[in-house]
Structures are given as C-alpha cells and as structure tokens.
Amino acid sequence: RVRGGLYGVPPVLARLDGNGNLPVGVDFQQLYATVLGPWWGLDASAILQQRFEPLPLLRV
C-alpha cells in the first residue's frame, strides 16, 4: 500500500535554478532504494553500490 503525503522539503518558488526549474527535493536513488529493498525484497545497497535511506512511501 502507498503511504500518501509530502516527502522532502517544501519547494520555495522564489529559489528556482538558472533554467527556471525547482531544485531537487528528493534524491532519486532514495526512491530506488525504497522500491528495490522493502517493496521488491532485493539488496538495494548491492544494486545501487551505496546505501541510501529508504523513503517512508510504502507499507509492506
């Protein structure tokens, strides 16, 4: 099941990058670690070659 909500720091629209985009708020590798580890039961550290803290997005 998905645990809804907001994750990361809320964006500040006054702090856009040089191209007018919002800065990154969540590292995509944390998202991968969340799906690979708790959801699929794989060794996320071995796949990503580094340990990333999973996000509290999923209930398993």
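The values are calculated or read from the model by the stated rules, or taken from the named source; none is laboratory data. Treat the numbers as computed from the prediction; the structure is a model and nothing was measured. Because the Cβ atoms are built from the backbone with ideal geometry, glycine has one as well, and the counts that use them run over all protein chains shown.
Scan Leu36, Leu57 and give me the residue that is more than 9 Å from the chain's Cα centre (by Cα), in contact (Cβ under 8 Å) with a residue 12 or more places away in the chain and surrounded by 14 or more Cβ atoms within 10 Å (Cβ to Cβ).
Leu36
In the set Asp43, Asp27, which member is in contact (Cβ under 8 Å) with a residue 24 or more places away in the chain and out of contact with any Pro (no Cβ under 9 Å at 6 or more places or on another chain)?
Asp27
Return the residue satisfying two criteria in turn: it lies in the stretch 35-44 and is touching a helix residue (DSSP H, G or I) at 6+ places or on another chain (Cβ under 8 Å) and in a helix (DSSP H, G or I), and of such residues it is farthest from Val2 (Cα to Cα).
Result: Ala44.
All but one of (1) surrounded by 13 or more Cβ atoms within 10 Å (Cβ to Cβ); (2) modelled with pLDDT of 85 or more; (3) touching a Ser or Thr at 6+ places or on another chain (Cβ under 6 Å); (4) not hydroxyl-bearing (Ser, Thr, Tyr) hold for Arg51, so report the exception by its number.
(1)
Check the stretch 33-41 and report whether any residue there is over 14 Å from Arg59 (Cα atoms), polar (S, T, N, Q) and at pLDDT 80 or above.
no
Just to be sure before I move on: is Val12 touching a residue at least 12 places away in the same chain (Cβ under 8 Å) and out of contact with any helix residue (DSSP H, G or I) (no Cβ under 6 Å at 6 or more places or on another chain) in the structure I sent?
It is false that Val12 is touching a residue at least 12 places away in the same chain (Cβ under 8 Å) and out of contact with any helix residue (DSSP H, G or I) (no Cβ under 6 Å at 6 or more places or on another chain).
Kindly evaluate Leu55 against the criterion of being outside any helix (DSSP H, G or I) and touching a helix residue (DSSP H, G or I) at 6+ places or on another chain (Cβ under 7 Å).
Yes.
Here's a check for you: in the stretch 22-32, which residue that is within 13 Å of the chain's Cα centre (by Cα) and at pLDDT 85 or above is nearest to Pro10 (Cα to Cα)?
In this case the residue turns out to be Asp27.
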